Amino acid sequence: MPYGYRIETGGATEESAKANTALAAVSPVMAIAVLVSRLALVFATAPLGLIGATGALLASNRPFGFVALLGLIALADMIMRNTVILVDQIERDIAAGRARYRAIIDATVRRASGGADRACRGSRHDSAGAEHLLGPMAITIMGGLLVATVLTLLVVPALYALWFRVRQDEPDRAAIIPEALAEHDDMEPIPIAAE
């Protein structure tokens with residue numbers, strides 16, 4: 001190439017390169033924001049057990065000592081795990097093509113019915129010798145989990161809907177796709193050069 005001349009990319013290729021550069025700059029930030037938002041949603045539910053745990057300890061006239069604190073930590077773990085399961089079920093329903101609003105309701109109803117079934121079956125554990133030691137822990141967990149389960153089934157779907165701006169009138173993607181395909185049944189396949 002002669003001196004003083006140069007080759008520059010222009011047109012659609014140049015615009016595409018600019019767009020890709022801009023996307024590459026924000027993609028990591030957006031990925032972190034999505035993860036942090038779900039993480040914040042999970043951590044926001046941990047304190048929901050405090051109401052039930054405090055009420056149960058006061059009603060049973062038990063002290064909030066070290067063992068009750070261990071119970072409270074275990075309770076926060078259980079609540080956050082339940083939140084993760086509920087949010088995951090909502091995300092799976094959305095990925096399957098359900099409208100976001102419908103996915104929130106369906107996942108919540110399934111979680112509630114499964115929890116009610118486990119609560120009705122109950123469990124029996126004889127630990128008469130350890131009752132004075134583990135009693136505050138058990139009371140903390142039982143009281144907190146009872147209240148937190150109800151609150152989680154109310155608060156998490158509401159927070160999810162607010163956080164991700166879910167509207168009731170959003171269309172169901174599973175119903176839209178077959179209709180869109182049916183509109184184009186008369187189209188011929190596009191031949192590929194290799195054929």
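Here, each number is a calculation from the coordinates, and none is a lab measurement. Note that this is a predicted model, so its numbers are computed, not measured. All Cβ positions, glycine included, derive from the backbone under ideal geometry; neighbour counts span all protein chains shown.
Applying the condition of being closer than 21 Å to T108 by Cα and among the β-branched types (V, I, T) to region 141-151 and asking which residue is surrounded by the fewest Cβ atoms within 10 Å (Cβ to Cβ) yields V150.
Here are A17, A12, A22: which of them is aliphatic (A, V, I, L, M), surrounded by fewer than 10 Cβ atoms within 10 Å (Cβ to Cβ) and free of Cβ contacts under 8 Å to residues at least 24 places away in the same chain?
Only one candidate qualifies: A12.
Condition first: in contact with a Phe, Trp or Tyr (Cβ under 7 Å, 6 or more places away or on another chain) and small (G, A, S). Now tell me which residues in region 28-82 satisfy that. Residue satisfying the conditions is S37 alone.
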